[in-house]
Each structure stands twice: as structure tokens, then as C-alpha cells.
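If you scroll down you'll find the structure; I have some questions about it.
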Amino acid sequence: MDFGWSADQEERHRRTLEAVRAAFPAGPAGRPPREPFARTDWAALGRMGLLGACLPDKYGGVGLGALDTARLYEALGEGCEDTGLVFAASAHLFACAVPLDRFGSDDLKSRWLPGMCSGEVVAGNAMTEDEAGSDVSRLRMTAVPVAGGHVLNGRKSFVSNGPAADVFVTYATTDPEAGHLGQTAFVVPADTPGVRAGQPFDKMGLRSTPASAVTFADCFVPDTAVLGAPGMGATVFQHSMGWERACLFAGYVGMMARLVERASEHARSRRQFGRRLTGFQAVSHRIVDMAMRLESARLLLYRACWEMDQGRPARLAVALSKLAASEGAVANALDAVRICGGRGYLTEFGVEAELRDAVPSLLFSGTSEIQKELAAKELGL
Ligand SMILES: Cc1cc2nc3c(=O)[nH]c(=O)nc-3n(C[C@H](O)[C@H](O)[C@H](O)COP(=O)(O)OP(=O)(O)OC[C@H]3O[C@@H](n4cnc5c(N)ncnc54)[C@H](O)[C@@H]3O)c2cc1C
């Protein structure tokens with residue numbers, strides 16, 4: 001067993017962290033933002049190789065495996081306080097580009113992946129419906145076969161990047177009798193007649209990720225838009241969720257690292273009762289708990305990614321890693337607010353935004369309860 005990074009990995013991480021910090025400076029002038037991300041930010045992520053980290057170099061990607069991709073996203077999450085931007089990039093890459101690369105035809109990949117890597121294209125993953133959240137086995141959205149393709153009808157209720165997206169990866173029922181084998185995945189350009197993104201949601205956090213419902217009304221998509229084959233939708237979705245549940249949460253591990261640093265700095269410099277806050281065991285032990293959550297999540301994350309790179313199913317490791325990173329991020333953000341006291345509650349101090357940005361990690365990519373269900377199944381319970 002070797003817990004060390006190679007010189008190349010260290011160098012790539014250092015360069016990425018530096019580039020991210022330079023491109024997205026912290027502090028009142030920079031983050032946390034209240035507006036949707038700008039296309040210039042998106043292009044900057046593209047130039048840094050982040051939008052195509054695990055995509056083939058022939059499309060402009062960096063061609064990294066899961067472990068190295070996660071390490072880059074940890075650097076992005078640590079260096080960029082705008083977690084909404086980190087989340088938007090992760091959803092684009094792991095829930096859209098990854099399944100497109102794995103299951104798309106050569107034509108589909110040549111059409112979309114270069115722009116998705118460079119940052120010219122924004123993608124949104126449209127799975128969730130009003131009646132299909134944790135349980136996506138019965139989708140109301142239908143795809144009816146017609147000459148040369150399918151006609152989509154339905155409404156997706158929560159699509160991150162939805163209002164900004166140029167393309168959607170979406171899922172519909174093609175055979176209602178066939179259970180999970182009756183779903184099909186499609187790549188649908190946002191300007192296809194019948195596709196409409198709704199008003200952007202007003203959200204608790206991740207303010208820079210625009211999100212909305214997306215409606216598909218009598219929307220014709222050609223056969224070439226199918227990912228894999230008709231009936232493979234559940235397989236495509238599970239593959240994308242494996243990547244998302246591991247690598248998207250690397251960004252939250254990066255956030256946890258930043259929070260340990262932030263809380264430590266504050267506790268070292270703030271004095272009460274004639275002592276630094278670090279002189280109170282209640283405070284220093286709280287920071288130790290934060291560091292323990294960070295290191296646990298990190299180890300589980302890299303273990304899960306290592307399994308993925310070995311070609312193993314990694315279901316248990318990925319579920320545990322997602323749980324540790326999301327629950328740990330919320331706990332660490334709340335602890336950081338406590339340690340910063342009243343200042344921590346003020347918007348201008350920046351720590352309260354970390355808490356608001358951490359909370360939704362308990363929900364997306366499968367809630368904590370669903371991760372525990374998946375883990376229980378893997379444990380044979
Ligand atoms: C910020 C954010 C971004 C998102 N982005 C996207 C996106 O880009 N694309 C997309 O398709 N969706 C997206 N979603 C939707 C997300 O995937 C769903 O919210 C999530 O899957 C949960 O579904 P639900 O909200 O319908 O909750 P429900 O499924 O109704 O769950 C409600 C509660 O019941 C619990 N529960 C449900 N079933 C079980 C069970 N079997 N055992 C134990 N507990 C259970 C849940 O854990 C939860 O606590 C996003 C959500 C958020 C918050």
C-alpha cells in the first residue's frame with residue numbers, strides 16, 4: 001500500500017490550485033457570488049483542463065483516470081470559494097460528458113465533447129421529475145419511437161445548469177412494461193424545437209449554478225441522439241452517477257480543507273479571556289474533529305477512485321465516500337461558523353455561504369439515506 005502521490009501528480013495538483021486561486025480570487029471582491037456563473041469563468045475552467053479532466057485528449061480532454069480527476073477537483077474545490085461554479089463544472093463533466101464519452105457514437109462525441117472540454121458548451125443532466133426523485137425507476141417522461149427517431153414529452157423538475165445549458169443529457173421511458181430496462185438516455189441540444197428551460201430557481205446556496213425545470217414538448221430527436229441503445233438508460237445513468245458520486249464530491253473535500261484552514265486561522269488570531277481561541281480545548285478539539293472528517297472523506301474518496309480505476313464496480317466504496325464527503329462538509333461548515341462566532345454568521349465573512357453551499361450535497365447524486373441503502377445492499381443486509 002502506498003499513500004504517496006507521484007511527483008507528476010503533486011505538480012499537477014500544485015499547478016491547478018495556483019491557477020484556480022489566480023482565476024477565482026477569494027474575498028469580498030471575488031466570492032461568494034449571488035449571480036449565475038459567467039461564460040468567461042466557464043472558459044477559464046476549460047483552459048485549465050478541468051472541464052475535460054477525464055475525457056480523451058483527441059477531444060481536448062486531459063485523459064486522466066478517476067483518481068487523478070478527483071485530485072484536480074479537490075484542488076478546484078479548495079482554491080475556488082465559489083462552490084456553485086465547482087458544482088456546475090462537476091455536473092457538466094461527470095453527469096453529462098462522462099456518459100456521452102462512454103456511451104455516445106463517434107459522431108455524437110465529435111459534435112459535443114470538444115466544446116464541452118474547452119468551455120464553449122454548457123451541459124445539464126435532466127433526470128429528476130416531480131414524481132421521480134430518489135426513485136427514478138418510473139419516469140413519466142416518454143420517448144415514443146417514430147420514423148428516424150423518438151418524440152420526447154415530459155418535464156424534468158430540477159436541472160442544474162438548465163437555464164444556461166446548450167445541451168441536455170436526459171432520460172425517458174421507452175417501454176413502460178420493461179421496468180428499468182424500459183428507459184433510454186438521449187443527448188438533446190437545447191435549441192431543439194419543443195425544449196424549454198423554465199425560470200431559474202431561487203435557491204438556498206450554490207447561487208452561481210443556475211438551475212430550473214426543463215420541459216420537452218413533442219420534441220423530435222433522431223436515433224443518433226441515443227446514448228448506448230434504447231433500453232440502456234438505467235445503465236447510462238448508473239455509470240454517470242458512479243463518477244458523480246465520487247469525483248463531484250472531491251470538490252467538497254477541497255471545501256473541507258479550506259474550512260479547516262479558515263477555522264484554524266481564525267482560532268489562532270482571535271483572543272478572548274486573554275487567550276487565543278486555540279488555547280481553549282473545546283475550540284481546538286472542534287478543529288481536530290474537522291480535520292478528522294476531512295482526512296476520512298479524503299481516504300474514502302481516493303480509495304473509491306482507485307477501485308474505479310481498477311475497473312471494479314466500487315459501489316460500496318463510492319457510497320461511503322459520497323456519505324463521508326457530504327455529511328463531513330455540512331458538519332465542517334457548521335463548525336466553522338461556530339468557531340468564527342457572530343462574524344461567521346455575516347454574509348461578508350464568507351463562512352455562512354459555505355454552509356449553504358454544503359447542505360445540498362446531502363441531497364443531489366442520491367441522498368444520504370439512499371447512499372446508506374446502497375451500502376446496506378452491498379454489505380448483504
Ligand atoms: C442543488 C441540487 C442540484 C440538483 N441537480 C440536479 C440535476 O442537475 N439533475 C437532476 O436530474 N436532478 C438534480 N437534483 C435533484 C436531486 O437529484 C433530487 O433532489 C434527489 O435525488 C432527491 O429526490 P427528491 O428531491 O425528489 O427527494 P425524495 O426522493 O422525495 O426524498 C425525500 C426524503 O425521503 C428520503 N427517502 C426517499 N426514498 C427513501 C428510501 N428508499 N429510504 C430512505 N429514505 C428515503 C430521502 O432520503 C429524503 O430525505 C438536484 C438537487 C439539488 C438539491
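The values are calculated or read from the model by the stated rules, or taken from the named source; none is laboratory data. Worth saying up front: this structure is predicted, and the values here are computed from it rather than measured. When we count neighbours, we look across all protein chains shown, and the Cβ atoms used for this are built from the backbone with ideal geometry, even at glycine. Accessible surface areas use protein heavy atoms only, side chains included; no ligands, DNA or RNA. Shrake-Rupley method; radii C 1.70, N 1.55, O 1.52, S 1.80 Å.
Please state, as a whole number in µm²/s, the translational diffusion coefficient that the Stokes-Einstein equation yields for the chain at 25 °C and 0.890 mPa s, with Rh defined as the Kirkwood radius across alpha carbon pairs. Provide the component values of the computation, followed by the final result.
Details: Rh = 21.2 Å.
D, rounded to a whole number, is 116 µm²/s.
Whenever you get a sec, compute what percent of the accessible area on region 124-233 sits on carbon and sulfur atoms (1.4 Å probe). Write down the numbers at each step before the final one.
Numbers: 2580 of 4740 Å².
That share works out to 54 percent.
A further question on this structure: Going by the alpha-carbon gyration tensor, a ≥ b ≥ c the square roots of its eigenvalues, is region 1-100 rounded (a/c under 1.5) or, if a/c is not under 1.5, prolate (a/b greater than b/c) versus oblate?
Numbers: a/c = 1.98, a/b = 1.28, b/c = 1.54.
Oblate.
Which ³J(HN,Hα) values, rounded to whole Hz and listed in residue order, are derived for region 233-241 from phi using the Karplus coefficients 6.51, -1.76 and 1.60 in 6.51 cos²θ - 1.76 cosθ + 1.60 with θ = phi - 60°, glycine and proline given as x?
Per residue, the Karplus-derived 3J(HN,Hα) values read x, 5, 5, 4, 5, 4, 4, 5, 5 Hz.
Moving to a separate point now. Out of all DSSP beta bridges with both ends in the chain, state the antiparallel percent to the nearest 5. Present the calculation step by step, with values, prior to reporting the outcome.
Working: 29 of 34 bridges.
In the chain, approximately 85 percent of DSSP beta bridges are antiparallel ones.
Of all accessible surface on region 7-122 at a 1.4 Å probe, what whole percent is carbon and sulfur? Show your work: numbers first, answer last.
On the way: 2170 of 4510 Å².
After summing per-atom areas, the C and S share lands at 48 percent.
Sorted by packing (mean other beta-carbon atoms within 10 Å per residue), highest first, where do 62-73, 208-219 land?
Details: 62-73: 23.2, 208-219: 21.2.
Output ranking for 62-73, 208-219: 62-73, 208-219.
Applying the Karplus parametrisation 6.51 cos²θ - 1.76 cosθ + 1.60 with θ = phi - 60° to the phi angles of region 9-16, what ³J(HN,Hα) value in whole Hz is obtained for each residue in order, glycine and proline being reported as x?
Using θ = phi - 60°, the values come out as 5, 4, 5, 5, 5, 4, 4, 5 Hz.
Got the relative contact order for region 333-375 handy, in percent, Cα pairs under 8 Å and 6 or more residues apart?
Working: 24 pairs, mean separation 11.7, N = 43.
Answer for region 333-375 is 27 percent.
Just name one of Ala376, Gly228, Leu181: the one whose Cα is farthest towards the positive end of the charge dipole of the chain (beta-carbon charges, Lys/Arg +1, Asp/Glu -1).
The one lying farthest along the dipole's positive direction is Ala376.
What is the distance, in nm, between label points placed 7 Å from the Cα along the Cα-to-Cβ direction at Leu381 and at Arg275?
4.0 nm
Further, regarding this structure: Got a sec to turn the phi values of region 208-216 into Karplus ³J(HN,Hα) couplings, 6.51 cos²θ - 1.76 cosθ + 1.60 with θ = phi - 60°, whole Hz, x for Gly and Pro?
8, 8, x, 9, 7, 6, 9, 10, 10
Need the C-alpha centroid separation for region 18-92 versus region 340-381, integer Å.
Here the answer is 20 Å between Cα centres.
Would you calculate the separation in nanometres between label points at Ala23 and Asp107, each defined as 7 Å from the Cα along the Cα-to-beta-carbon direction?
Between Ala23 and Asp107, the simple spin-label model gives 3.3 nm.
Still on this structure, please answer the following. Report the charge-dipole magnitude of region 279-365 in Debye, nearest 20, computed about the Cα centre from +1 at each Lys and Arg Cβ and -1 at each Asp and Glu Cβ. It would help to have the intermediate numbers written out before the result.
Working: 10 positive and 10 negative charges, 44 e Å.
With Lys and Arg at +1 and Asp and Glu at -1, about 220 debye.
Also, quick follow-up: At 222 nm, what value in deg cm²/dmol follows for the chain if DSSP H runs of at least 4 each add -39500 (n - 2.57) and the sum is divided by all its residues, to the nearest 500? All intermediate terms of the calculation are to be shown ahead of the outcome.
Values: 12 runs with 179 residues, N = 381.
About -15500 deg cm²/dmol.
How much length is gained if the chain between Phe220 and Asp191 is pulled fully straight, taking 0.36 nm per residue apart and subtracting their Cα-Cα distance, in nm to one decimal?
Numbers: separation 29, 0.36 × 29 = 10.44 nm, distance 1.16 nm.
Going from the current span to full extension adds 9.3 nm.
Hey, got the dipole for the chain? About the Cα centre, +1 on K and R Cβ, -1 on D and E Cβ, debye to the nearest 20?
Values: 40 positive and 44 negative charges, 255 e Å.
Dipole of the chain, to the nearest 20 debye: 1220 debye.
Please work out the average accessible area per residue across the chain, using the 1.4 Å probe convention, and give it in Å². Present the calculation step by step, with values, prior to reporting the outcome.
On the way: 16840 Å² over 381 residues.
Value returned for the chain: 44 Å² of accessible area per residue.
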